[in-house]
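Below is one structure, written out as structure tokens; comments come after it.
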Amino acid sequence: MKIKNSLSIGALIVSFSLLSGCALFLIGGGVAGGIAISKDTIEGNWDKSIDNVWSASRQVMMQEGFIRLEDKARGKIEGEVRKSQVEIEIHKISEKTVQIHVKARKGHNLLPDMDLANELYNKIFTKVK
């Protein structure tokens, strides 16, 4: 009889959990948030010179925030804009095409800041000659 009562109580607790909004936690709904958090980069391929894209990226970073690291040989600029950590990577993928990645993360580098990444990407694009 005790086993039957224990199973009934256990089933009741699970039922309440599922109906009270905790179901996402119990069935792994938190995993979906992890996928969204990893999506923090805006990227594109531009038919522009790498020097022009590099120069425009530096200008935008200096206007909007500050630069912590510049490594032109590796195509990397890192800095901070509005309390978000920003990384810009620029790579030549052909004679006429450059690939650019703009990544922004906020909150101790934990959460994506897609609005900022998109804003910086567009500002760089408009500055490129």
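Taking amide H positions as modeled 1.01 Å from N, with prolines and chain starts lacking one, the residues under 5 Å from ARG68 and 5 or more places away or on another chain are GLU78, GLY79, GLU80. Packing-based ranking of 42-50, 84-92 yields 84-92, 42-50, ordered from highest to lowest mean Cβ neighbour count within 10 Å.
In this simple spin-label approximation, GLU78 and ASP51 carry label points 7 Å from Cα along the Cα→Cβ vector, and these lie 2.8 nm apart. With a simple spin-label model that places each label point 7 Å from the Cα along the Cα-to-Cβ direction, the separation between GLU64 and THR97 comes to 2.4 nm.
Legend: residue pairs LYS76/LYS123; LYS72/LYS127; LYS106/LYS129; LYS103/LYS127; LYS48/LYS106, Cα-Cα distance threshold 24 Å; pairs beyond threshold, LYS106/LYS129; LYS48/LYS106.
Quick note: the coordinates plus some simple rules give every number you see, no bench work behind them. Quantities reported herein were computed from a predicted structural model and do not represent experimental measurements. All Cβ positions, even for glycine, are placed from backbone atoms using ideal geometry, and neighbour counts span all protein chains on display.
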